[in-house]
Amino acid sequence: MPVNVPAPVDPSVPVGLRPLSQVFATDSGPSPFQLRLQYTGEAWANNGGLQTGNTYLQNGFASLKIDTEKAYGWTGGRFVAEGFYNYGNSLNENFVGSVQDPSALDVGNRNLLRLYQVYYDQQLGNTNIRFGVMDLETEFGVTRPMDAYFSGAFAWTSTLDASGQRGLNGPSTYPDTALGVRIRQQLNDQWSVQAAVVNGMADRGGASPQSNSIDFNSRFGALAIAEVDFVPIARTKLMAGYWTYTGLQDTQNEFTESGALRQVRGSQGAYVGGTTRLYTIKDARGLDAFFNFGIGDSKVNVVDRSINVGLAFTGLFDARPKDKLGFGIGVVRAGEPFQQAQLAEGSTPYAYETSFELTYRAVLSDWLTVQPNIQYIVHPGFDRALKNDFLFGLHFEMGRLFNL
């Protein structure tokens, strides 16, 4: 079995498992079968939030990709199967307590051995169809410069990321993904549209944290999302999207006659965002800026408004053209129903949580990337009982790509 160790892909490109963002480029050689193995670790020191302390997060990841044209003569097809093991020692649940999760690697206090994505892609002219278990975050609401960041404030639209938590376990994204179908249509060189429908229960049934089953249920309903993209020139993109759930969710502060939280069917939201190149040194090297603004249904969701803005400088130093420096600010607003529910329980929440992130990704070799990270979170979890939070993290990734 020959081993191929290609050069790292431009780290601004979000591919594969979003929290393991510094992955290795797909080989253009003759092999139709490719296996990628990767280990990711994060050491964190936290001051403030729920408690001061240190923790370590780790993730083992495997991905198998099959080019059906090379393997079987089936033109335009690709099969992908990805899985991971994540050791459950949560940074956010144990130390920080923020709405915008400071580490995209964090899966909470649970050890997970999980099939992450299993899907088939088919290209038919200007149409691409994907069917299977998928992460919507790799497809919708993202721009390339956002991939430099760790915090959930910059993963995609925070209102969408915080949606579906009242009984549906949130949207279909890492670590809990759902079965569905996605269609993307390239209209011309500048315009494209895409839409997806996935199971409304993000962990495919919720039987247990380790479950890889698929359970369709009218109570869960579906999550539908659509997006329009406009790319007028290279390194510039504008996007607008809309999403809706059809399943039952608990409201924040509405009650039945028996005193139970009233359930409603469905919730909606929308987002707009974009990125552009501000300054170019040469080729991929230069300064990019991005923004993302979202709204959500406050009747069921904690967060009803979100915005993130940031900068990403690729190749700041001549000797390190693949490194990336990033600074961003993410703000989420607590919806009025959530605030009223907290007041009824005797607490007065803050209306906003703000996250600042400074990070530098250093590509040290073909198989090793190291990334120090500093974050400061103001009013974590909207909770007046929590101090503002300061975090320092050291993230590293080791991986290889094998041609089978």
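Descriptive notes on the structure:
- Hits in segment 147-192 (condition: over 10 Å from the mean Cα position of the chain (by Cα), assigned to a helix (DSSP H, G or I) and not β-branched (Val, Ile, Thr)): 148, 160
- Selection within segment 329-372: residues that are outside any loop (DSSP other than H, G, I, E, B), of a type in the set (Gly, Ala, Ser) and modelled with pLDDT of 95 or more. The member of this set that is surrounded by the most Cβ atoms within 10 Å (Cβ to Cβ) is 355.
- Pair list, Cβ < 7 Å and 6+ apart or interchain, from segment 101-119 residues that are farther than 20 Å from residue 303 by Cα and touching a residue at least 24 places away in the same chain (Cβ under 8 Å) to residues that are surrounded by 21 or more Cβ atoms within 10 Å (Cβ to Cβ) and among the aromatic types (Phe, Trp, Tyr): 114/84; 116/84; 116/174
- Residue 90 being surrounded by 17 or more Cβ atoms within 10 Å (Cβ to Cβ), touching a Pro at 6+ places or on another chain (Cβ under 8 Å), under 21 Å from residue 380 (Cα atoms) and not β-branched (Val, Ile, Thr): no
- Members of segment 373-404 that are part of a loop (DSSP other than H, G, I, E, B) and either surrounded by fewer than 16 Cβ atoms within 10 Å (Cβ to Cβ) or among the β-branched types (Val, Ile, Thr) (or both): 384, 385, 404
- Among residues of segment 267-290, those that are among the aromatic types (Phe, Trp, Tyr) and surrounded by fewer than 17 Cβ atoms within 10 Å (Cβ to Cβ), counted: 1
- Residue within segment 101-124 that is surrounded by fewer than 21 Cβ atoms within 10 Å (Cβ to Cβ) and closer than 25 Å to residue 352 by Cβ present: yes
- Inside segment 41-88, residues that are over 27 Å from residue 402 (Cβ atoms) and assigned to a strand (DSSP E or B) make up a count of 11.
- Near pairs, Cβ below 9 angstrom, 6+ apart or cross-chain, from segment 170-192 (surrounded by fewer than 15 Cβ atoms within 10 Å (Cβ to Cβ)) to any residue that is of a type outside the set (S, T, N, Q) and not in a strand (DSSP E or B): 189/231; 190/231; 190/232; 190/233; 191/231
- Counted residues, segment 219-242 - those being assigned to a loop (DSSP other than H, G, I, E, B) and crowded, with 20+ Cβ neighbours inside 10 Å: 2
- Number of positions in segment 34-63 that are closer than 19 Å to residue 379 by Cα and free of Cβ contacts under 8 Å to residues at least 60 places away in the same chain: 3
- Residues satisfying the stated conditions in segment 68-80, i.e. within 29 Å of residue 105 (Cβ to Cβ) and not basic (Lys, Arg): 79, 80
- When residues of segment 296-321 are limited to those that are within 20 Å of residue 396 (Cβ to Cβ) and crowded, with 20+ Cβ neighbours inside 10 Å, the one farthest from the chain's Cα centre (by Cα): 314
The values are calculated or read from the model by the stated rules, or taken from the named source; none is laboratory data. In this text the structure is predicted, and so the values were computed from the model without any measurement. All Cβ positions, glycine included, derive from the backbone under ideal geometry; neighbour counts span all protein chains shown.
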